[in-house]
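A short worksheet on the structure shown next.
The values are calculated or read from the model by the stated rules, or taken from the named source; none is laboratory data. Source: prediction; values computed, not measured. FYI the Cβ positions are ideal-geometry reconstructions off the backbone, even for glycines, and counts take in every protein chain you see. In case anyone asks, the SASA skips ligands and DNA or RNA and just uses the protein heavy atoms, side chains included. Shrake-Rupley method; radii C 1.70, N 1.55, O 1.52, S 1.80 Å.
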Amino acid sequence: SSAYGGGSRRDRDVLPAVMLTDDTGRVSVQTRRYYLSLNTILSDKSMVFRKSGDVITQFLSHYRSGSLKPFYRSEPAPPPENGPGRNVTVLTGDTFRSFVMDAPGEHTMVMVHSPTCGHCKRFSTFWNEFGSLVEGLNWSSVIRVAKIDASRNDVPHDAVDPRELPAAYYFSPGEKGAPIEVGRDPVEFDYKRDGDKVGWVRSGYDLVKWMIEQDRLDLEALRELDGGPRE
């Protein structure tokens with residue numbers, strides 16, 4: 001976090017005196033938010049800024065220079081799950097970057113969901129099955145399966161849209177900045193008809209098949225991990 005309120009809600013619980021929002025280039029994606037807290041304005045450190053200019057001016061200056069960190073929500077990291085979801089890692093706003101973005105060689109699949117969403121509950125069953133398949137095939141050293149609750153966490157990635165749930169994204173090695181969204185062709189997708197973007201998924205096997213079809217995986221290496229016959 002920064003002196004101007006960047007970072008996560010978990011690390012601070014202060015009332016912002018100034019909030020700056022930025023939706024530049026983020027059509028249909030969560031807006032960036034920057035907070036200037038009352039504590040910062042009233043702190044001794046801010047007195048230095050008042051000698052050379054208003055603290056709010058300094059806040060805006062840091063924003064324009066790109067040094068200001070955006071605010072994002074994050075709940076505390078939960079303990080590992082037991083039962084059907086044990087092969088799916090639960091991410092938070094704080095752990096998303098280290099798990100997904102800071103692992104450049106990993107194939108990472110992330111489901112964005114809300115526990116109160118009916119479609120999400122249905123899709124979670126297939127997502128958990130997908131995680132179990134990856135584990136059962138001994139592919140977990142190559143493919144990591146995770147999920148994040150968008151009702152309690154912001155996803156710190158420009159390409160993730162948390163407003164239409166459930167949603168799932170494939171972050172492939174070397175392309176973490178441009179994930180592939182799991183779903184039908186946007187031209188063919190009809191929300192009223194199909195219910196949700198991943199409504200076509202009927203099992204974890206559908207997700208395995210979809211992932212293979214993206215042509216990012218080394219299938220020969222996966223066969224060796226699974227102990228299957230080589231062609």
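Considering only residues in region 89-148 that are more than 18 Å from PHE171 (Cα to Cα) and free of Cβ contacts under 8 Å to residues at least 12 places away in the same chain, the one that is nearest to the chain's Cα centre (by Cα) turns out to be LYS121. Tell me, yes or no, whether region 141-153 has at least one residue that is at pLDDT 95 or above, open to solvent by 50 Å² or more (accessible area, probe 1.4 Å) and touching a Phe, Trp or Tyr at 6+ places or on another chain (Cβ under 9 Å). Scanning region 141-153, I find at least one residue that is at pLDDT 95 or above, open to solvent by 50 Å² or more (accessible area, probe 1.4 Å) and touching a Phe, Trp or Tyr at 6+ places or on another chain (Cβ under 9 Å), so the answer is yes.
Can you go through VAL88, VAL18 and tell me which one is modelled with pLDDT of 55 or more, of a type in the set (A, V, I, L, M) and more than 30 Å from LEU133 (Cβ to Cβ)? Talk me through it step by step, then tell me what you get.
On the way: VAL88 fails: more than 30 Å from LEU133 (Cβ to Cβ).
VAL18 is the lone residue from the list that is modelled with pLDDT of 55 or more, of a type in the set (A, V, I, L, M) and more than 30 Å from LEU133 (Cβ to Cβ).
The residues of region 186-231 that are open to solvent by 50 Å² or more (accessible area, probe 1.4 Å), among the acidic types (Asp, Glu) and at pLDDT below 85, listed by number, are GLU188, ASP190, ASP226, GLU231.
Within region 95-104, not a single residue is in contact with a helix residue (DSSP H, G or I) (Cβ under 9 Å, 6 or more places away or on another chain) and not in a strand (DSSP E or B). Against the list (1) under 21 Å from ARG216 (Cα atoms); (2) part of a loop (DSSP other than H, G, I, E, B); (3) of a type outside the set (Phe, Trp, Tyr), the condition GLU135 fails is (2).
Quick check on my filter: what residues within region 77-88 are open to solvent by 20 Å² or more (accessible area, probe 1.4 Å) and more than 17 Å from the chain's Cα centre (by Cα)?
So the first thing to find is which residues in region 77-88 are open to solvent by 20 Å² or more (accessible area, probe 1.4 Å), and the list is 77-84, 86-87.
Answer for region 77-88, where residues must be open to solvent by 20 Å² or more (accessible area, probe 1.4 Å) and more than 17 Å from the chain's Cα centre (by Cα): PRO79, PRO80, GLU81, ASN82, GLY83, PRO84, ARG86, ASN87.
Filtering region 89-128 down to residues that are of a type in the set (S, T, N, Q) and over 19 Å from ASP206 (Cβ atoms), which residue is most open to solvent (accessible area, probe 1.4 Å)? Walk me through it before giving the result.
Taking region 89-128 as the starting set, the residues that turn out to be of a type in the set (S, T, N, Q) are 89, 92, 95, 98, 108, 114, 116, 124-125, 128.
Now narrow it down to the ones that are over 19 Å from ASP206 (Cβ atoms): 89, 92, 95, 98, 114, 116.
Values: THR89: 56, THR92: 2, THR95: 43, SER98: 69, SER114: 16, THR116: 123 Å².
By that ranking, first place goes to THR116.
Residues of region 154-168 that are open to solvent by 10 Å² or more (accessible area, probe 1.4 Å) and either in contact with a helix residue (DSSP H, G or I) (Cβ under 8 Å, 6 or more places away or on another chain) or not small (Gly, Ala, Ser) (or both): ASP154, PRO156, HIS157, ASP158, ASP161, PRO162, ARG163, GLU164, LEU165.
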